[in-house]
Amino acid sequence: MIEVFKTNVQNESVAEEIRSALRKELPGSAIHFDLEDCDHVLRIEGVSVNPALVISTLKKRNVHCEVME
C-alpha cells in the first residue's frame, strides 16, 4: 500500500523528526519526503498505512498534512 500526503514541511531536520516519529507508528514502512516538490510530498509505502494516524502524528508536531488524491 502507498499513501501520498501534501505537507508544509520546509526543511530536512523537520522531515527527519517526522520520519522518526512515523517509524515508531508504522514499523517496516518506507517513508520519504520530496521537499523540492511544491507540495512538500510525504510518501509512505508499507503493508498497512492509516492516513488518519499519519495526519494525527504530524498535527501533534504542528505540521499540516492532507492526503493527496
For a label point 7 angstrom out from the Cα of residue 66 toward its Cβ, which stretches of the range 1-26 have the backbone nitrogen within less than 19 Å? 3-10
What's the FRET efficiency of residue 59 with residue 36 using the Cβ-Cβ distance as r and R₀ = 25 Å, to the nearest 0.05? 0.60
How much net charge surrounds residue 5 when only the other residues with a Cβ under 14 Å from the Cβ of residue 5 are counted, with Lys and Arg +1 and Asp and Glu -1? -3
Neighbourhood charge, 15 Å Cβ-Cβ cut-off, centred on residue 19 and excluding it, Lys, Arg +1 and Asp, Glu -1: -2
Under the helix-only model (-39500 (n - 2.57) for each DSSP H run of 4 or more, divided by the residues of the chain), the mean residue ellipticity at 222 nm, to 500 deg cm²/dmol, is -10000 deg cm²/dmol
Would you mind calculating the gained length between residue 10 and residue 43 on full extension (0.36 nm times residue separation, minus the Cα-Cα distance), in nm to one decimal? 10.4 nm
Summing +1 for each Lys or Arg and -1 for each Asp or Glu, what net charge is found among the other residues whose Cβ lies under 13 Å from the Cβ of residue 40? -4
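A short reminder: the numbers here are calculations on the coordinates, not readings from a lab. On a predicted model such as this, the values are computed, not experimentally measured, just so you know. All Cβ positions, glycine included, derive from the backbone under ideal geometry; neighbour counts span all protein chains shown.
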